[in-house]
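**Q** Take this structure, written in structure tokens, and hold onto it; I'll ask about it next.
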Amino acid sequence: MPRIREDGDLMLQVREVSHSYGKRNWLDRSGARPPVLANISLVIEKGECLGLLGTSGAGKSTLGKIILGLEKPTEGQVLFQGQDMYRASKSAMKGLRRDLQVVFQDCYSAVNPLMTAAQIIGEPLDNYERLSATDQRRVVGELLEQVGLKPEDASKYPHQFSGGQLQRVNIARAIALKPKLIVLDESISSLDMVHQTQILSLLAELRASYGLSYLFITHDIRAAMTICDRIAVMDQGLLVYNGSGNEGIVQSEHPAVRQLVSSILPEHPSDRIPFG
Ligand SMILES: Nc1ncnc2c1ncn2[C@@H]1O[C@H](COP(=O)(O)OP(=O)(O)OP(=O)(O)O)[C@@H](O)[C@H]1O
Ligand SMILES: [Mg+2]
């Protein structure tokens, strides 16, 4: 019997969200901008990894920003752990932000080049935990080890890390407060294949140990099929596919989904075995 999903199982609910970006400034006479998101509804369950794919400009990062509480949607609601993110009080919002973290694509621009790894990873701890200096050093050392770096790396500056290592520092910062949901916006795209594979298995391990949920925004359908429980596809601001299991996506008739899938199908139809 399929499991009946209760509302309490839901980490995130996006309800009929539409969005248009406002005018650039008061001199902008371009009129109302066309919607970049139209009537998007989706959920992420506790401990679930949802892959979000789609062509460039489809609206993935915009939806990510709305989910993170950074861009108020023109219409619709975002409920994180049952609370409406855009109606929450300031103190409730502070609590929600703690449970909601993000890792962006460009690991170098995500950090202050003048801060050490210890300061970068320690920033959320400074904001929320106020540990003693000794405890903070210990926690930062443990976080570095969790992401496959060494406690000695704490004193290094961003330019002293490789891209893959610095992205691990960013992941350590994102998990420092043991959040409930991490938005990963193209977080592994700029890494080489070896580092991509390593970070994917790190994300899977962290999910297993903390019961984390992920919104995994990517262009890489293979990576999404590797770590995601469910895949959603956007096209020109619309959600055109949302399903679990790899067979559904392979069989979808939507042109945007077919285009994504064709990038991984063997050329000859007889060699096309459903994934999963
Ligand atoms: N701050 C902004 N102001 C105005 N328009 C924006 C802004 N950010 C994004 N857009 C527009 O919204 C649309 C969706 O952009 P978005 O960045 O969400 O796409 P995306 O799916 O993440 O694309 P990519 O795969 O290239 O990262 C695009 O047409 C983009 O030009
Ligand atoms: Mg984007």
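A short reminder: the numbers here are calculations on the coordinates, not readings from a lab. For clarity, every value in this text was computed on a predicted model and none was experimentally measured. Because the Cβ atoms are built from the backbone with ideal geometry, glycine has one as well, and the counts that use them run over all protein chains shown.
**Q** Assigning unit charges at the beta carbon (Lys, Arg +1; Asp, Glu -1) and nothing else, what dipole magnitude in debye, to the nearest 20, does the range 170-252 show about its Cα centre?
**A** 360 debye
**Q** Now for a different question. At 0.36 nm per residue, and after removing the present C-alpha to C-alpha distance, how many nm does the segment from Lys90 to Gln259 gain when stretched out fully?
**A** Extending this stretch completely gives an extra 56.5 nm.
**Q** Kirkwood hydrodynamic radius, the chain, all distinct C-alpha pairs: what's the number in Å?
**A** So the Kirkwood estimate lands at 20.0 Å.
**Q** Tell me the label-point distance for the pair Arg130, Glu145, using the 7 Å Cα-to-Cβ offset, in nm and rounded to one decimal.
**A** About 2.8 nm separates the two model spin labels.
**Q** Let me ask something else. Of the options Val102, Pro158, Phe80, report the single residue whose Cα projects farthest towards the positive end of the charge dipole of the range 64-174 (beta-carbon charges: Lys, Arg +1; Asp, Glu -1).
**A** Value computed over the given set: Phe80.
**Q** Relative contact order for the chain using alpha-carbon pairs under 8 Å, separation at least 6, rounded to a whole percent?
**A** It comes to 24 percent, rounded to a whole number.
**Q** Then there is this: Charges at C-beta only: +1 for Lys and Arg, -1 for Asp and Glu. How large is the resulting dipole of the chain about its Cα centre, in Debye rounded to 20?
**A** 800 debye
**Q** For a quick check of your reading of the filter: which chymotrypsin sites (Phe, Trp or Tyr not before Pro) in the range 84-163 sit in a DSSP loop and have no more than 16 other Cβ atoms within 10 Å? Don't jump to the answer; show the numbers that get you there.
**A** Numbers: sites: Tyr86, Phe104, Tyr108, Tyr128, Phe161; in loops: Tyr86, Phe104, Tyr108, Phe161.
Answer by residue number: Tyr86, Tyr108.
**Q** Between Arg15 and Ser41, what is 0.36 nm times their sequence separation minus the Cα-Cα distance? Round to one decimal in nm. Can you show the working numbers first?
**A** Details: separation 26, 0.36 × 26 = 9.36 nm, distance 0.46 nm.
Full-extension gain reported as 8.9 nm.
**Q** Now a separate question. Checking the cross-link filter: which lysines have an alpha carbon closer than 27 Å to that of Lys156, excluding same-chain neighbours under 8 positions apart?
**A** Lys178
**Q** OK, next. Given the options Gln146, Ser89, Gln13, identify the residue whose Cα lies farthest towards the positive end of the charge dipole of the chain (+1 on Cβ of Lys, Arg; -1 on Cβ of Asp, Glu).
**A** In the chain, that residue is Ser89.
**Q** Could you line up Met11, Met225 from fewest to most neighbouring Cβ atoms inside 10 Å?
**A** Fewest to most other Cβ atoms nearby, the residues stand as Met225, Met11.
**Q** Using only the Cα atoms of the range 66-114, build the gyration tensor, take square roots of its eigenvalues as a ≥ b ≥ c, and label the shape rounded, prolate or oblate: rounded if a/c is under 1.5, else prolate if a/b is larger than b/c, else oblate.
**A** Prolate.
**Q** Cα-Cα over 24 Å: which of Lys65/Lys94; Lys65/Lys180; Lys60/Lys90?
**A** Over 24 Å Cα-Cα: Lys60/Lys90.
**Q** Restricting to Cα atoms and excluding each atom paired with itself, what does the Kirkwood estimate give for the range 67-157 in Å?
**A** Answer for the range 67-157: a Kirkwood hydrodynamic radius of 15.3 Å.
**Q** Would you mind ranking Asp99, Asp185 so that the residue whose beta carbon has the fewest other beta carbons within 10 Å leads the list? Mind showing how you got there, number by number?
**A** On the way: Asp99 16, Asp185 21.
Lowest to highest Cβ neighbour count: Asp99, Asp185.
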